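Take a look at the structure set out below.
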Amino acid sequence: MAQVPIQRHLLDNGLRVVLSRDPRAPLVAVNLWYDVGSKHEKAGKTGFAHLFEHMMFQGSANVEKGQHFSLVQAAGGTLNASTWLDRTNYFETLPGHELELALWLEADRMASLLPAMTQEKLDNQRDVVKNERRWSVDNQPYGSWDEKMQALVYPVGHPYHHSTIGSMEDLSAASLEDVQDFFATWYAPNNAVLTVAGDFETDEALAMIERHFGPIPANASLPAPPDMTVDALLGEEVRETVADQVPLPRIYLAHRIPVFGTDAFDALDVAADILGAGRASRLYASLVREQQVAQDASVFVFPIVGGASMFALWVTARPGVSIETLEAATLAELDRLASKGPSDADLERVNNLHAAHVAGMLERISERADRLSMYTCLFDQPERINEETSRWTAVDAARVTDALRASLRPENRVTLTYVPAEAAS
Amino acid sequence: MITRPVAGAPRPYRFPDFDHQRLDNGLGVWLVPLPDRELVSIHLLTDAGAASEDEEHAGIAALTAQLLVTGTERLDASAFAETTERLGIEVGSESSWDSARAGFTALGSKLDDGLALLAEMLRTPRLDPGEFDRLKSERLNDILQARADPGRLADESFLREVFADDVPYGRVSAGRPETVEALTVEYARAFHATHYAPNVADIIIAGAITPDDARAAIERHLGDWEGTAPTHRTFEPVQRGGRRVVLIDRPGSVQSELRVGHLGINRHDPRYFPAMVMAALLGGVFGSRLNLRLREELGYTYGARSSFDPRRATGPFIASAAVQTEVTVDAIRELIGQLERIRERQPEEPELAEVRDFLVGVFPLRFETTSGIASAIEPLAVYDQRHDWWQRYRANLETVGASDVHRAARELVRPDEALILVVGDASALRADLEAAGLGPLEVVPAT
């Protein structure tokens, strides 16, 4: 597998910079990870990190509302941002000769967002975000599953207990003062990683980065990271049933597991693919094709780093199949893998699928930049991008069974079942 | 603060060169060698989309395409999945209105093994009765699921309501439950035997190949593929009725899914480029009129957009948004207002330039991946577009002026004939929609 080139630099104000040059196409990706996500939100302020992300597109000292989008698009670029539990990222991909435009835009809002903030803009984006919540959660079949799952897997008060989208009530309460505080606390160069990947000249890019980001002062009093401590296991079996506007019942299972970046997480990542990736996966072969008790099956791990991560799956029942039958069939497959372990063929299959997946991901400079930012922000190790396949091939059968036996226990399991509303009443 | 930087000099970009030939059996071969890539993408297209099925068996094209990946005469479903995935290959097979597509993206070293399996799948599929029954019931279940999802329900309902009764496009290409229910494996076998043949097929290979190796592999695995298939049906879509409002009741909805539109253009319409620029300006980019007004000014929605869906025959033009229930009527008025505005006045040059520059500038980004490049060849194969389509693409966009956009809007955007479709809570919406006078209202009860 070709190696992704990596050059690291550190500005005096603490901004971590990663460069990855690749001149094959005349394109450049700019990606910023701020080390702030919904886990940093205080009680009563759920959803604020994400609402704040929206405010970052409402202009800054030298950029009008809407101009961030219009300048990048007029340059032939694409852009967006996203917020999750651990972080907030902002990114642009554009023709290489427009690199400095993206750097200038990112630096302007990192340096001077607040002069552009108004109550009117906050009210507007609050409405937009509430509609985002209605669209993705409240008006969507099964839409509340991840919010409910987080609340069940993590105890009240834990930073992962609440969802990134937040509650309507807390969104309503967000004020301009919150915007000012949040910006002053978290949006500083020493709390961010800047990655540039693609077609650029290294000296020129470094000079531009220094010119635009160098003058931005560090925040000398960054808060200590939130306390993410949580027991390794739930300690009891947890069940909840939700009556929803869904035609078919669906079971979601989740378990607390070791965090992203650990060897055990890698083993569970491999296990998730053995169970859920492709038509030869254990759950598809057994539940969907052979027993025909499930309409679909999906298995995944959460790449999050605070205290404990999650190993989760869902299976949707075929009409006429009882929830008990589907759950028993699903657990039987988990138990079979945990007790007998994967075969050599299982490991060969998922390793080869994963290798193709990684190569596909790294074809896109935007994805390369995002992963370099991620590995730097979360672990201070951008070189992990070149270990994506070797970390997988290093996982043997014993590591898979050990990890499954340690985590996929009944007393560490949340079972969340969606049933059609009319059937429940 | 430093003022906005001036862009450097652009580096030129050319769509990669490709080679097109036809084998003796009629199979079209398109090779795009990209020597600096690790991956290879193979797309095998056949004129076996929904336009090639008859309405009585609507859905058979989609089910046949899906059934292909459930094994070959030699390998059953389990063995076929195991064999391909152990090579790191996930074979896809699906169909749309205008073609069926089977293929995969894999490491370049897997080209020959992967192509052998893909050819085996197309030429000697197992078409197993048990697997057919399973996929058919999964499809029926998916229809159930789609009707619970407000966005999918709105998409499906819009097609049903906007096209006249006998127009095939009045449904999703995967069929309706009534016709899917009646399908059998015999129909799938007959559809495969009739419509999968080299004279109506094209293979596109883009990525880590040398043309000689790729050609030899294609000859080896598909050179002796035999058979002749008929071509697709032709039809000319007609719209149902004029301006009207259809409310699909979905009790308890906290948002209304809006779909507003009418018939649009086909793939060969001479107004293709003005139409694309106009749709982008109206609702195709973040800074478009619909999104700026409904989202960034009014906060009614997370996003509003508009687009054409040009097919071999005339496809729909749709403007859409999901808006909170309370503002449904106002949001429809705003949306219609933008359709009227783009007809009434020619856009100012800066607004047009921004959109056009985006479409021109973003061009190379679409071709970053081998699968993106293979997909770009598809319209050349399926619609017989000129081979220099992508070489001329940016120039074609650059020549679109404000008067061209205005003319396209006057001809192609017709709010007076628009279907206004709403999926939402009728108990909260019916009276307001009746009072609004947006057109005759029909309420479809919840199912």
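The values are calculated or read from the model by the stated rules, or taken from the named source; none is laboratory data. Just so it is clear, the model here is predicted, and its values are computed rather than measured. FYI the Cβ positions are ideal-geometry reconstructions off the backbone, even for glycines, and counts take in every protein chain you see.
Filter segment B:23-37 for residues that are free of Cβ contacts under 8 Å to residues at least 60 places away in the same chain and either touching an Asp or Glu at 6+ places or on another chain (Cβ under 7 Å) or assigned by TED's automatic domain parsing to the domain that holds B:Thr370 (or both) and give the result.
Matches in segment B:23-37: none.
For the structure I just gave you, tell me whether A:Asp269 is surrounded by 20 or more Cβ atoms within 10 Å (Cβ to Cβ), touching a residue at least 60 places away in the same chain (Cβ under 8 Å), within 21 Å of A:Ser390 (Cα to Cα) and away from chain B (no Cβ under 12 Å).
When the stated conditions are applied, A:Asp269 passes them.
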**OP:** Looking only at segment A:174-230, count how many residues are of a type in the set (S, T, N, Q) and surrounded by 15 or more Cβ atoms within 10 Å (Cβ to Cβ).
**Re:** 5
**OP:** For residues that are of a type in the set (Asp, Glu) and touching a Lys or Arg at 6+ places or on another chain (Cβ under 7 Å), scanning just segment B:49-81, find the one that is surrounded by the most Cβ atoms within 10 Å (Cβ to Cβ).
**Re:** B:Asp76
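One line per residue, one yes/no per condition, for (1) assigned to a helix (DSSP H, G or I); (2) modelled with pLDDT of 95 or more:
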residue: B:Glu90; (1), (2): no, yes
residue: B:Ala116; (1), (2): yes, yes
residue: B:Leu122; (1), (2): yes, yes
residue: B:Phe132; (1), (2): yes, yes
residue: B:Lys136; (1), (2): yes, yes
residue: B:Arg139; (1), (2): yes, yes
residue: B:Ile143; (1), (2): yes, no
residue: B:Arg147; (1), (2): yes, no
Original post:
Can we say A:Leu79 is at pLDDT 95 or above, within 24 Å of the chain's Cα centre (by Cα) and at negative phi?
Top reply: yes
Original post:
Got a number for residues in segment B:417-441 being out of contact with any Asp or Glu (no Cβ under 8 Å at 6 or more places or on another chain) and under 18 Å from B:Ser307 (Cα atoms)?
Top reply: 3
Original post:
If you scan segment A:158-174, which residues turn out to be within 26 Å of A:Trp33 (Cβ to Cβ) and either of a type outside the set (Asp, Glu) or part of a loop (DSSP other than H, G, I, E, B) (or both)?
Top reply: A:His158, A:Pro159, A:Tyr160, A:His161, A:His162, A:Ser163, A:Thr164, A:Ile165, A:Gly166, A:Ser167, A:Leu171, A:Ala174
Original post:
Which condition number does B:Val382 fail, the rest of (1) surrounded by 16 or more Cβ atoms within 10 Å (Cβ to Cβ); (2) over 30 Å from B:Ala201 (Cβ atoms); (3) out of contact with any Lys or Arg (no Cβ under 7 Å at 6 or more places or on another chain); (4) modelled with pLDDT of 95 or more being met?
Top reply: (2)
Original post:
Taking segment B:266-282, which residues are more than 21 Å from B:Phe158 (Cα to Cα) and assigned to a loop (DSSP other than H, G, I, E, B)?
Top reply: B:His268, B:Asp269, B:Pro270, B:Arg271
**OP:** Scan A:Pro217, A:Pro247 and give me the residue that is at pLDDT below 95 and either within 14 Å of chain B (Cβ to nearest Cβ) or under 30 Å from A:Pro410 (Cβ atoms) (or both).
**Re:** A:Pro247
Subject >> Filter result for the condition that a residue is within 11 Å of chain B (Cβ to nearest Cβ), in contact with a Gly (Cβ under 7 Å, 6 or more places away or on another chain) and crowded, with 24+ Cβ neighbours inside 10 Å, over A:Thr93, A:Thr88 >> reply: A:Thr93
**OP:** Return the pairs, sorted by first residue and then second, in which the second residue is in a loop (DSSP other than H, G, I, E, B) and among the hydroxyl-bearing types (Ser, Thr, Tyr), the first residue lies in segment A:226-237 and is in contact (Cβ under 8 Å) with a residue 60 or more places away in the chain, the beta carbons are less than 7 Å apart, and the residues are 6+ apart or on different chains.
**Re:** A:Val230/A:Tyr154
Original post:
With B:Val323, B:Val260, B:Val327 as the choices, which residue is among the β-branched types (Val, Ile, Thr), surrounded by fewer than 24 Cβ atoms within 10 Å (Cβ to Cβ) and not in a loop (DSSP other than H, G, I, E, B)?
Top reply: B:Val327
Original post:
Which ones in segment B:233-253 are more than 21 Å from B:Gly437 (Cα to Cα), surrounded by fewer than 21 Cβ atoms within 10 Å (Cβ to Cβ) and within 14 Å of chain A (Cβ to nearest Cβ)?
Top reply: B:Pro251, B:Gly252
Original post:
Do we have any residue at all in segment A:311-318 that's within 13 Å of another protein chain (Cβ to nearest Cβ), more than 28 Å from A:Pro410 (Cα to Cα) and either surrounded by fewer than 21 Cβ atoms within 10 Å (Cβ to Cβ) or of a type in the set (Ser, Thr, Tyr) (or both)?
Top reply: no
**OP:** Identify the residue in segment B:105-138 that is more than 9 Å from chain A (Cβ to nearest Cβ) and touching an Asp or Glu at 6+ places or on another chain (Cβ under 7 Å) and, among all such residues, is farthest from A:Val288 (Cα to Cα).
**Re:** B:Gly108
Original post:
Across segment B:1-45, what is the total count of residues that are at the interface with another protein chain (Cβ under 7 Å from one of its Cβ atoms) and in a strand (DSSP E or B)?
Top reply: 1
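Yes or no, residue by residue, for (1) more than 14 Å from every other protein chain (Cβ to nearest Cβ); (2) under 27 Å from B:His232 (Cβ atoms):
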| residue | (1), (2) |
| --- | --- |
| B:Val355 | no, no |
| B:Thr370 | no, no |
| B:Ala374 | no, yes |
| B:Asp384 | yes, yes |
| B:Asp388 | yes, yes |
| B:Arg394 | no, no |
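Looking at B:Ser371, B:Ser403, which one is within 30 Å of B:Asp17 (Cα to Cα) and touching a residue at least 24 places away in the same chain (Cβ under 8 Å)?
Of the residues listed, the single one that is within 30 Å of B:Asp17 (Cα to Cα) and touching a residue at least 24 places away in the same chain (Cβ under 8 Å) is B:Ser371.
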Subject >> Restricting segment B:76-88 to residues that are at the interface with another protein chain (Cβ under 7 Å from one of its Cβ atoms) and of a type outside the set (Lys, Arg), the residue that is nearest to A:Asn352 (Cα to Cα) >> reply: B:Gly88
Original post:
Just a yes or no: is a residue in segment B:64-75 at the interface with chain A (Cβ under 10 Å from one of its Cβ atoms), within 23 Å of A:Ile365 (Cα to Cα) and either not hydrophobic (A, V, I, L, M, F, W, C) or not in a strand (DSSP E or B) (or both)?
Top reply: no
**OP:** Collect the residues in segment B:221-232 that are in contact with a helix residue (DSSP H, G or I) (Cβ under 8 Å, 6 or more places away or on another chain) and surrounded by fewer than 18 Cβ atoms within 10 Å (Cβ to Cβ), keeping them in residue-number order.
**Re:** B:Glu226, B:Gly227, B:Thr228, B:Pro230, B:Thr231
Original post:
helices (runs of 4 or more DSSP H) wholly in segment A:323-425 with at least 3 residues that are assigned by TED's automatic domain parsing to the domain that holds A:Asp266, at pLDDT 95 or above and charged (D, E, K, R) - which ones?
Top reply: A:323-340, A:344-362, A:365-379, A:397-407
**OP:** Answer yes or no as to whether B:Leu294 is crowded, with 22+ Cβ neighbours inside 10 Å, at negative phi and not basic (Lys, Arg).
**Re:** yes
Original post:
In segment A:396-425, what count of residues is obtained for those that are among the charged types (D, E, K, R) and over 29 Å from A:Val246 (Cβ atoms)?
Top reply: 4
Subject >> Residue match in segment B:283-302 (condition: of a type in the set (Gly, Ala, Ser), assigned to a strand (DSSP E or B) and under 23 Å from B:Val162 (Cα atoms)) >> reply: no
